[in-house]
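The values are calculated or read from the model by the stated rules, or taken from the named source; none is laboratory data. Here the structure is a predicted model, which is why all the values come from computation and not from measurement. Here the Cβ positions follow ideal geometry from the backbone for every residue, glycine too, while neighbour counts run over all protein chains shown. Ligands, DNA and RNA are stripped out before the accessible areas are found, and what is left, the full protein with its side chains, is counted by its heavy atoms. Shrake-Rupley method; radii C 1.70, N 1.55, O 1.52, S 1.80 Å.
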Amino acid sequence: MAEAGKTFTEEPTTHEKWIKGQGIPIFREFSIPSLKELEVGPWERLGAYGAYVVLEGAEDSNDAYVLEISPKGTVVPERHTYEEVFYVLSGRGATTVWQSGGPKRTFEWHEGSFFAIPLNVWHQFFNGHGNQPARFYVVTSAPLVMNLFHNLSFVFNNDFVFDDRFDGQEDFFSGKGEALPGRVWETNFIEDIRTFPLIEWKERGAGGVQRRFQLSEGTMVAHVSQFPVGTYKKCHRHGAGAHVIIIQGKGYSLLWKEGQEDKQVRVDWKEGSVLVPPDMWWHQHFNTWSEPAKYLAIRWGSIKYPLFKSWIISGKTDTNVKEGGNQIEYEDEDPYIRQLFEEELRKNGIESRMPPIKYNK
Ligand SMILES: [Fe+2]
């Protein structure tokens with residue numbers, strides 16, 4: 001109950017109270033420069049180490065945490081009615097999953113592996129390395145679920161079996177998959193997301209390639225984008241909660257709220273950085289390094305299980321804003337965008353591979 005005299009906004013959410021109670025560091029930031037170096041603290045509940053990553057642009061629609069398992073360590077098993085998508089930042093090991101009374105299934109992972117634990121399925125993690133910790137970046141739908149039901153017993157002690165998501169299949173995490181329309185690969189496990197074959201995506205410009213991922217019958221999905229040396233992608237916007245994890249290269253992103261170009265936020269990134277563009281903020285990614293830039297975005301916007309309107313229209317994130325979409329064509333950019341990019345390339349001795357622009361008036 002809110003205390004007398006307090007406004008609603010002063011009462012912390014169920015999710016906020018819960019993450020504070022976990023006793024691990026909480027980073028409330030716009031972006032994180034290095035997930036691999038992020039400070040973690042002992043996480044008693046799970047018998048591991050962790051840190052919460054509450055990024056502004058997630059806007060309480062989802063959250064993330066870093067989980068670290070000591071060499072030869074084991075994490076306390078848990079299940080919950082929020083989704084979790086895992087990217088392995090370092091190390092190697094195995095995970096066992098099961099429904100109450102069902103068969104146990106174990107799969108192995110290593111640095112670069114990417115998977116989603118199906119909803120409310122028991123799962124336990126093991127570090128397979130004798131002298132090296134294993135570290136994950138995990139994106140979850142916990143804020144949405146915890147704040148909607150505001151009952152942690154419903155979240156953590158719920159006997160409902162979502163057998164439409166996982167029914168004990170032996171080959172569930174075998175890495176098999178199916179190509180769906182729209183560059184979507186439907187699967188539950190990818191051994192190394194960093195080397196997964198990508199497909200040309202002309203509309204976003206710069207010779208970029210991309211692939212989208214539908215995982216474990218989840219509402220949260222992902223995509224990987226790569227763009228070449230000396231290039232930058234077109235500016236675009238979409239809903240909150242896309243965790244852009246850099247998996248290769250170096251560069252920067254510019255982000256701004258519609259009509260607030262003068263208050264642009266710049267985020268410099270490298271492998272292991274993460275940023276989340278806030279809801280419908282314009283954002284644009286620039287490769288300033290001598291190798292292709294690649295990122296994994298864990299986000300809303302499932303085509304199979306649509307949720308938010310701001311993501312449903314994301315089908316138009318590669319359509320010109322002048323035609324009702326959410327992308328700014330190169331010709332309509334502020335000339336400052338190109339100037340800054342060329343300056344940054346010069347600092348690194350890299351030549352621009354962007355075609356010249358004839359700006360629209
Ligand atoms: Fe984006």
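For segment 265-361, the share of accessible area belonging to carbon and sulfur comes to 52 percent (1.4 Å probe, ligands and nucleic acids excluded).
Straight-line cross-link partners of K36 among the aspartates and glutamates, defined as a Cα under 12 Å from its Cα and at least 8 positions apart when in the same chain: E68, E111, E271. Please sort by residue number the chymotrypsin sites (Phe, Trp or Tyr not before Pro) in segment 118-208 whose DSSP state is loop and whose Cβ has at most 13 other Cβ atoms within 10 Å. Loop-located and lightly packed - F160.
Once the Cα-Cα distance is subtracted from the 0.36 nm per residue extended length, the F162 to R266 segment shows a gain of 33.3 nm.
Each eigenvalue of the Cα gyration tensor of the chain, multiplied by 5 and square-rooted, gives one semi-axis; in descending order these are 34, 23, 20 Å. For chymotrypsin sites (Phe, Trp or Tyr not before Pro), the sites in segment 279-361 that DSSP calls loop and that have at most 14 other Cβ atoms within 10 Å are Y359.
Solvent-accessible area per residue in the chain equals 44 Å², computed with a 1.4 angstrom probe and all protein chains kept. If ligands, DNA and RNA are left out, what is the accessible area of V265 with a 1.4 Å probe, given in Å² to the nearest 10? Around 40 Å² of this residue is reachable by solvent.
If you average the alpha carbon positions of segment 148-189 and of segment 269-326, how far apart do those two centres end up, in angstrom? Each part's Cα centre sits 23 Å from the other's.
Whenever you get a sec, compute what percent of the accessible area on segment 70-212 sits on carbon and sulfur atoms (1.4 Å probe). Summing carbon and sulfur atoms, their accessible area is 51 percent of the total for segment 70-212.
The simple spin-label model puts a point 7 Å past each Cα toward its Cβ; for R28 and E178 those points are separated by 4.4 nm. Which residues does a label at E351 reach in segment 203-219, if reach means a backbone N under 18 Å from a point 7 Å past the Cα toward the Cβ? So the set is 207. Springs join every pair of Cα atoms under 10 Å in this Gaussian network model of the chain, and among E16, E84, E191 the largest mean-square fluctuation is at E16. For the Cα trace of segment 101-146, dividing Rg by the Kirkwood Rh returns an Rg/Rh value of 0.99.
Working from the pairwise distances between different alpha carbons, so that the mean of 1/r is found and then inverted, what is segment 1-132's Kirkwood radius in Å?
Mean inverse Cα-Cα distance, inverted, gives 16.4 Å.
Rounded to whole Å, the principal axis extents of the Cα atoms in segment 217-360 read 45, 35, 25, largest first. Here the peptides 85-92, 238-245 are ranked by packing, the mean other Cβ count within 10 Å, and the order with the highest first is 238-245, 85-92.
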